[in-house]
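Please read the structure below before turning to the comments.
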Amino acid sequence: MTYKGPEWVVLDDCRYAALDGFFVTAKRGFKTDLASIPRLLWGFIASFELSLVASIVHDLIYGSAGTVALPHGEVMPADKRFDRKEADDLFLELMTRSKIAYWKRNVAYLAVRAFGGSSWRQG
């Protein structure tokens, strides 16, 4: 990843195999702000302290309102769609598998459940 303020850019495809058998890929060039944590709160928890892959995958799904399948091949199987809760649950799964501290991942998860609705883009 590289920082091109105010966003981070994925330099190589970032692929994740979920526990329930599907794959999500953030393609090279994908732009993300990582976790959307206000800078004022970074003394408590900063966006870069969470799993990079969790934040990237979550932003990918949120940015398309759950329809990140064809034509770009970001999700396999191609007919996989996400609702907002599934995206948030995947965010938690990724942070857990990345061994992010229990309290940090749960604070981040509860924050996206409570405040993420405005970022869920309607296609």
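The values are calculated or read from the model by the stated rules, or taken from the named source; none is laboratory data. Computed from a predicted structure; not experimentally measured. Please note: Cβ atoms are built from the backbone with ideal geometry, for glycine as well, and neighbour counts cover all protein chains shown. Protein only, heavy atoms only, side chains kept; ligands, DNA and RNA dropped before computing areas. Shrake-Rupley method; radii C 1.70, N 1.55, O 1.52, S 1.80 Å.
What to note about this one:
- Within the stretch 93-103, the residues that satisfy the criterion of being over 15 Å from the mean Cα position of the chain (by Cα) and assigned to a helix (DSSP H, G or I) are Tyr102, Trp103.
- When the stretch 94-115 is filtered for residues that are free of Cβ contacts under 8 Å to residues at least 40 places away in the same chain and either in contact with a Gly (Cβ under 7 Å, 6 or more places away or on another chain) or hydroxyl-bearing (Ser, Thr, Tyr) (or both), the ones remaining, listed by number, are Thr96, Tyr102, Tyr109.
- Within the stretch 43-81, the set of residues being modelled with pLDDT of 75 or more, open to solvent by 70 Å² or more (accessible area, probe 1.4 Å) and aliphatic (A, V, I, L, M) comprises just one member, Leu52.
- Cβ pairs under 8 Å, 6+ apart, first in the stretch 8-34 and within 17 Å of Ser64 (Cβ to Cβ), second open to solvent by less than 30 Å² (accessible area, probe 1.4 Å) and of a type in the set (Asp, Glu): Val24/Glu74; Thr25/Glu74; Ala26/Glu74; Lys27/Glu74
- The residues of the stretch 10-36 that are hydrophobic (A, V, I, L, M, F, W, C) and more than 23 Å from Phe82 (Cα to Cα) amount to a single one, Leu11.
To keep it simple, each residue is scored yes or no on (1) of a type outside the set (Val, Ile, Thr); (2) at pLDDT 80 or above; (3) surrounded by fewer than 16 Cβ atoms within 10 Å (Cβ to Cβ); (4) over 23 Å from Ala111 (Cα atoms).
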residue: Lys4; (1), (2), (3), (4): yes, yes, yes, yes
residue: Glu7; (1), (2), (3), (4): yes, yes, yes, no
residue: Lys27; (1), (2), (3), (4): yes, yes, yes, yes
residue: Leu41; (1), (2), (3), (4): yes, no, yes, no
